[in-house]
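Asks: So that we are looking at the same thing, I have put the structure below in structure tokens.
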């Protein structure tokens, strides 16, 4: 089956869980999470879970594992905690949860980021992987970076990712 057939067999409407990891954001200042919800809904998909928790490995693990176990969640998106500051623990925490990694997600994100921000793209540890049969994509907290990821990677590939992660 070729790419065209795979895409045709992919679901049209995806159910997302959206989690923000930050020690400095709250519901009123979570612009990244707000942007993700807006982009998902504007694309005709739905958000079935939205949360915010501090950059704490135990809480990040609990949030992502619970989201990945939900039968009404197809894809988990996270924002924040992917930089290189000592408090940015999402990358390391999530890699420890993944049953398998999707290396192309972070690679492509950094390549596209380089075209926009130059060599500062190396500071991003955007990462993707599978927890069971659920795709988890971890992105930076910047709304500009999120827009790049959503428009160039996540939304165009969401259905295909979900279909393939479930053996389609």
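Values quoted throughout were computed directly from the atomic coordinates according to the rules given, and no laboratory measurement underlies them. These figures come from a predicted structure and were not determined experimentally. Virtual Cβ from ideal backbone geometry, glycine too; neighbours counted across all protein chains shown.
Asks: Would you confirm whether or not the range 78-97 contains a residue that is free of Cβ contacts under 8 Å to residues at least 40 places away in the same chain and within 18 Å of residue 160 (Cα to Cα)?
Replies: For the range 78-97, residues free of Cβ contacts under 8 Å to residues at least 40 places away in the same chain and within 18 Å of residue 160 (Cα to Cα): absent.
Asks: Quick check on the range 118-144: of everything there that is free of Cβ contacts under 8 Å to residues at least 60 places away in the same chain and over 15 Å from the mean Cα position of the chain (by Cα), which residue is nearest to residue 83 (Cα to Cα)?
Replies: So, considering only residues that are free of Cβ contacts under 8 Å to residues at least 60 places away in the same chain and over 15 Å from the mean Cα position of the chain (by Cα), the one nearest to residue 83 (Cα to Cα) is 123.
Asks: A further question follows. Could you pull out the residue among 26, 55 that is in contact with a strand residue (DSSP E or B) (Cβ under 6 Å, 6 or more places away or on another chain), part of a loop (DSSP other than H, G, I, E, B) and free of Cβ contacts under 8 Å to residues at least 60 places away in the same chain?
Replies: Result of the check over 26, 55: 55.
Asks: Somewhere in the range 81-88, is a residue out of contact with any helix residue (DSSP H, G or I) (no Cβ under 6 Å at 6 or more places or on another chain) and closer than 29 Å to residue 159 by Cβ?
Replies: no
Asks: Please verify whether the range 136-152 includes one or more residues that are exposed (fewer than 14 other Cβ atoms within 10 Å of the Cβ) and more than 22 Å from residue 35 (Cα to Cα).
Replies: The answer is no, given that none of the residues of the range 136-152 is exposed (fewer than 14 other Cβ atoms within 10 Å of the Cβ) and more than 22 Å from residue 35 (Cα to Cα).
Asks: With the requirement that a residue be farther than 16 Å from residue 138 by Cα and in a helix (DSSP H, G or I), what does the range 40-52 give you?
Replies: If the condition is that a residue be farther than 16 Å from residue 138 by Cα and in a helix (DSSP H, G or I), then 41, 42 are the ones that fit.
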